[in-house]
Amino acid sequence: MRKGIHLTGGRKLFCVLTAGLFLLSACGKADSEAPKDAAAPVESEAVEADFAYQFVAESEKGYYFWERINPGWLYPRLMFLDRESRRVVPLCSRPDCTHEDEECNAYFRENNRDGGGVNKQYLQYYEGDLYAVGLSEDAYVSLFRIRADGSGEWEISAKLYRTDYAATGEWKTPEVVIAGGYVYFADALQKVQRLERMPIDGGAPEVLLEGDSHASAVYINRIKSNGGSLFIQVLSYWKDDPENGRTAAYRYDPAAGQCSLIMEGYHGTFTVRDEFVYYCDSEGLCRYSMEDQTTEHLTDRSMDVPTITLTGDYIIICDQWGDGTLFLYDYEGKEIATVPNVLRLGWYFGGTSDMLFGECWNENTSLCFLDLNRPVGEQQWEELKEN
């Protein structure tokens, strides 16, 4: 018999999951003058954006991203896109640097089994610093930090958990979100994953949720910060029903230290805005009210998409598994515009009210962006490159 959810009090809040459910109980290079294009303000909190894949970080001044490796460029750098000027520059503080080799301040060693390094599949801006995940020299999956103006070096902010990457060569980027001075994370190598957190400056990890010990696999697919709360999507499997995963979404209020089930039994991706959960299923785009516990179907187009993006004006969906067309809807479900896939968009990341991002496979693999401030009908994908 699969039991219900049990909460216990105290500093460590354990969530015992059953019936496929989770309960979220919490989600030397020398310094020199930084280029003015790369300067970023110190902000009091993380800038919230709607990215399903955290390859791009947003600050009030602009966006940070890693270049992609291609046959003509083997030294992917950390780049900065200025929000106002649209200039793209390497995040390098050396005034005399050519930015053409691994001596550039914007180049950082990729993590590998022979030593530490920074993994380039996660990037987040928080209170004037950039954070990435990587491997320490003593084999810990770690949170790395660097000043957002490009000065200084990457330093370890917190060691999350130990890995056997050096022996096995198996690396999986963990789910990570920084919010409220904590880093929330899940060990990507575990079959039954659990959510933990620790202060971003390091400390003892605190277990916030645990899966049903009878489940054969439990995966934390997404941790999202929105409106002061954390939201998590969890997929669970059992040996007696391996073909049918159970999906559930939960909300954690850090101020109250409380968590609650939002919804379960849906399939596919989800995102959150203004007390509503948006998701896609075989019947179309759906909106679920967390207050009323009711569901609206906003469109009747069947959608199987990995990402939904919510901005101030649009609900944005990319037909990534199809022809890559981008669909823009208003919040009543009316289709406003479509954007054709002229750059062979292969991976849509999401974005903000101003910009969308993705990975394009046109001639060489590169990042691309779409400016949402352009008039409807004139929006198009453009390659994101140094200028």
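The values are calculated or read from the model by the stated rules, or taken from the named source; none is laboratory data. Predicted model, so just to flag it, every value in this text is computed and none were measured. Using ideal geometry, Cβ is built from the backbone for each residue, glycine included, and neighbour counts are taken over all protein chains shown. Heavy atoms of the whole protein, side chains included, go into the accessibility calculation; ligands, DNA and RNA do not. Shrake-Rupley method; radii C 1.70, N 1.55, O 1.52, S 1.80 Å.
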What spacing in nm lies between the two simple spin-label points modelled at SER216 and GLN380, each 7 Å away from Cα in the Cβ direction?
5.0
Report the full-extension gain for the segment ALA256 to ARG301: residue separation times 0.36 nm, less the Cα-Cα distance, to one decimal in nm.
12.3 nm
Would you calculate the separation in nanometres between label points at ARG83 and ASP240, each defined as 7 Å from the Cα along the Cα-to-beta-carbon direction?
5.3
Give me the percent of accessible area attributable to carbon and sulfur for the range 184-335, probe 1.4 angstrom.
42
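Give me the number: length gained by fully extending ASP313 to ALA204, i.e. 0.36 nm times residue separation minus the C-alpha to C-alpha distance, one decimal in nm.
Details: separation 109, 0.36 × 109 = 39.24 nm, distance 4.16 nm.
Once the chain is fully extended between ASP313 and ALA204, it gains 35.1 nm.
Just to confirm, what accessible area per residue do you get for the range 106-164 at 1.4 Å probe, in whole Å²?
36
Around SER289, what is the net charge, scoring Lys/Arg as +1 and Asp/Glu as -1 over all other residues with Cβ under 11 Å from its Cβ? Before the final figure, lay out each step's value.
Values: positive: ARG287; negative: ASP274, GLU275, GLU291, ASP292, GLU296.
In short, -4.
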Run the accessible area of the range 137-181 with a 1.4 Å probe and give the carbon-and-sulfur part as a rounded percent.
41
Sort 141-151, 220-230 for me by packing, meaning the mean count of neighbouring Cβ atoms within 10 Å per residue, highest on top.
141-151, 220-230
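Going down the table (LYS120/LYS191; LYS120/LYS159; LYS61/LYS159; LYS172/LYS385; LYS224/LYS334), which pairs top 20 Å between alpha carbons?
On the way: LYS120/LYS191 23 Å; LYS120/LYS159 17 Å; LYS61/LYS159 29 Å; LYS172/LYS385 27 Å; LYS224/LYS334 26 Å.
As for pairs spanning more than 20 Å Cα to Cα, those are LYS120/LYS191; LYS61/LYS159; LYS172/LYS385; LYS224/LYS334.
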Looking at the square roots a ≥ b ≥ c of the eigenvalues of the Cα gyration tensor of the range 270-313, which shape do they give, rounded for a/c under 1.5, prolate if a/b is larger than b/c, or oblate?
oblate
With every protein chain left in place, what is the accessible area of ASP129 in Å² (1.4 Å probe, nearest 10)?
20
Could you give each residue of the range 210-219 its phi-based ³J(HN,Hα) in whole Hz, using Karplus coefficients 6.51, -1.76, 1.60 with θ = phi - 60°, and x for Gly or Pro?
9, x, 4, 5, 8, 6, 7, 7, 9, 10
Overall form of the range 236-376 per C-alpha gyration tensor (a/c, 1.5; a/b vs b/c):
prolate
With a/c under 1.5 counting as rounded, go ahead and sort the range 93-190 into rounded, prolate or oblate using the C-alpha gyration tensor (a ≥ b ≥ c being the square roots of the eigenvalues; past the cut-off, prolate if a/b is larger than b/c, else oblate).
oblate
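Can you list the GluC sites (Glu not before Pro) in the range 288-387 that are in a DSSP coil and have 14 or fewer other beta carbons within 10 angstrom?
Values: sites: GLU291, GLU296, GLU332, GLU335, GLU359, GLU363, GLU378, GLU382, GLU383, GLU386; in loops: GLU291, GLU332, GLU363, GLU378, GLU386.
The qualifying sites are GLU291, GLU332, GLU363, GLU378, GLU386.
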Karplus 3J(HN,Hα) series, Hz, for the range 135-146 with 6.51 cos²θ - 1.76 cosθ + 1.60 (x for Gly, Pro):
10, 7, 5, 9, 6, 9, 5, 10, 8, 9, 9, 8
R0 = 25 Å: FRET efficiency of GLU100 with ASN364, Cβ-based, nearest 0.05?
0.90
